[in-house]
Amino acid sequence: MTAMTAMTAMTADTAERYEAVFDAAVAADERIEPRDWMPEAYRATLVRQMAQHAHSEIIGMQPEANWITRAPSLRRKAILMAKVQDEAGHGLYLYSAAETLGTSREELLDKLHAGRQRYSSIFNYPTLTWADVGAIGWLVDGAAITNQVPLCRCSYGPYARAMVRICKEESFHQRQGFELLLALSRGTPAQHEMAQDAVDRWWWPSLMMFGPPDDESSHSAQSMAWKIKRHSNDELRRRFVDICVPQARALGLTLPDPEIRWNEERGHHDFGPIDWTEFQEVLKGNGPCNEERLTQRRRAHEEGAWVREAAAAHAEKHRTTPPARTGHGAPQEATA
């Protein structure tokens, strides 16, 4: 055996031992941390998922921010501003978590702006009325909570810990959406009609948020094997429908699916077929607002360049400037 062959065999043997340790940790529900060895495919899957999640948070600010200046009261405006600000914070948590895997925020944003990374298809639909803000809170944030609460037990530590805080805040977002729709539903006939119209338009895209059917999902099986995900797309979708049916009844609104009915044998609600052709078209960039969302995101990034540059210069200045000293010899922060 040549020296090169022996080195290759040793490397393969070492990698096999590392992978065995990794597999045992995942099987035991232990957290994988940034300094732990992990398969490259596991790392790539996490970067893809966290990047898409982070992109969805910052793109998702746009549909609702569109209504901040038109909110019907100061109270509603303050609530909506706080919510949009929360979404920005969620994006920052998730970009920071992704950076623990060796990628950079700049690289992820460049890929988003170039159309090489995705965000949730739900944010490519327009917010036509004030009731859409309520529908997004109740349905879109509700679907997000259903999908994301299990991520608090994700096998990758930084992602799981970020999700704990995100899910707490998303729960408030869902409640404010429900409360907003309830106020409209119990208001004038025109307000009730507006609330129903918003639910009609957002219901099916919300069901699509969980991703394609299990037999057509290219990532779910492996993500579940690694315990990045804990439940399949279809399982989460069924859980969401089961939650929404009694809530819609409490709202006095109707879900736009005549096929929804309780299935005693399955212990879940049956529901009608989803138009996956629409889902695929939106993913391809042919949704109602795809171009608008990315154009606005690129513009905001370009217009904010001076802020990033100023922040970097400030950090560099404080990194290189030695602290001033007082007359007693104790260090004191420079104020200039």
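Looking only at residues that are assigned to a helix (DSSP H, G or I), farther than 21 Å from Arg76 by Cβ and of a type in the set (Gly, Ala, Ser) in the stretch 120-143, which one is modelled with the lowest pLDDT? Restricting to residues being assigned to a helix (DSSP H, G or I), farther than 21 Å from Arg76 by Cβ and of a type in the set (Gly, Ala, Ser), the top hit is Ser121. With respect to the conditions (1) in contact with a strand residue (DSSP E or B) (Cβ under 8 Å, 6 or more places away or on another chain); (2) in a helix (DSSP H, G or I), Glu19 lacks only one, and its number is (1). A single member of Ser96, Ser171, Ser185 is more than 30 Å from Glu309 (Cβ to Cβ) and in contact (Cβ under 8 Å) with a residue 40 or more places away in the chain, and it is Ser185.
Of all residue pairs spaced 6 or more apart or on separate chains, those with beta-carbon atoms under 8 Å, a first member in the stretch 248-268 that is of a type in the set (Gly, Ala, Ser) and a second member that is in a loop (DSSP other than H, G, I, E, B) and modelled with pLDDT of 95 or more are Ala248/Thr254; Ala248/Leu255; Gly252/Arg186. The sole residue among Glu216, Glu235, Glu193 that is under 22 Å from Ala135 (Cβ atoms) and not polar (S, T, N, Q) is Glu193. Taking the stretch 67-120 as the range and being in contact with a Ser or Thr (Cβ under 7 Å, 6 or more places away or on another chain) and polar (S, T, N, Q) as the test, only Ser120 passes. Going through (1) in contact (Cβ under 8 Å) with a residue 12 or more places away in the chain; (2) touching a helix residue (DSSP H, G or I) at 6+ places or on another chain (Cβ under 8 Å) one by one, Pro72 falls short only on (2). Checking Thr188 against (1) surrounded by 16 or more Cβ atoms within 10 Å (Cβ to Cβ); (2) over 24 Å from the mean Cα position of the chain (by Cα); (3) among the polar types (S, T, N, Q), which single condition isn't satisfied? Unmet for Thr188, out of (1) surrounded by 16 or more Cβ atoms within 10 Å (Cβ to Cβ); (2) over 24 Å from the mean Cα position of the chain (by Cα); (3) among the polar types (S, T, N, Q): (1). Please identify the pairs in which a residue from the stretch 10-31 that is under 19 Å from Arg153 (Cα atoms) has its Cβ atom under 6 Å from the Cβ atom of a residue that is among the charged types (D, E, K, R) and surrounded by 10 or more Cβ atoms within 10 Å (Cβ to Cβ), counting only partners at least 6 apart or on another chain. The qualifying pairs are Val26/Lys227.
Take the conditions part of a helix (DSSP H, G or I), out of contact with any His (no Cβ under 6 Å at 6 or more places or on another chain) and under 30 Å from Asp29 (Cα atoms) and apply them to Glu179. Does it pass?
no
Quick grid of which residues meet (1) in contact (Cβ under 8 Å) with a residue 40 or more places away in the chain; (2) surrounded by 18 or more Cβ atoms within 10 Å (Cβ to Cβ); (3) more than 20 Å from Glu87 (Cβ to Cβ); (4) charged (D, E, K, R):
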{"residue": "Gly134", "(1), (2), (3), (4)": "yes, yes, no, no"}
{"residue": "Ser155", "(1), (2), (3), (4)": "yes, yes, yes, no"}
{"residue": "Val164", "(1), (2), (3), (4)": "no, no, no, no"}
{"residue": "Gln222", "(1), (2), (3), (4)": "yes, no, yes, no"}
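Considered as a group, the residues in the stretch 101-114 that are open to solvent by less than 50 Å² (accessible area, probe 1.4 Å) and not in a helix (DSSP H, G or I) include one that is nearest to Thr295 (Cα to Cα), and that residue is Ser104. Of everything listed in (1) out of contact with any helix residue (DSSP H, G or I) (no Cβ under 6 Å at 6 or more places or on another chain); (2) within 18 Å of Val140 (Cβ to Cβ); (3) surrounded by 14 or more Cβ atoms within 10 Å (Cβ to Cβ), the single unmet condition for Gln85 is (3). Is the stretch 268-281 home to any residue that is in contact with a Gly (Cβ under 8 Å, 6 or more places away or on another chain) and open to solvent by less than 60 Å² (accessible area, probe 1.4 Å)? No: zero hits.
The values are calculated or read from the model by the stated rules, or taken from the named source; none is laboratory data. If you're wondering where the values come from, they're calculated on a predicted model, not measured in any experiment. Cβ atoms come from the backbone with ideal geometry, glycine included; neighbour counts cover every protein chain shown. Just so you know, the surface numbers come from the protein's heavy atoms only, side chains and all, with ligands and any DNA or RNA stripped out. Shrake-Rupley method; radii C 1.70, N 1.55, O 1.52, S 1.80 Å.
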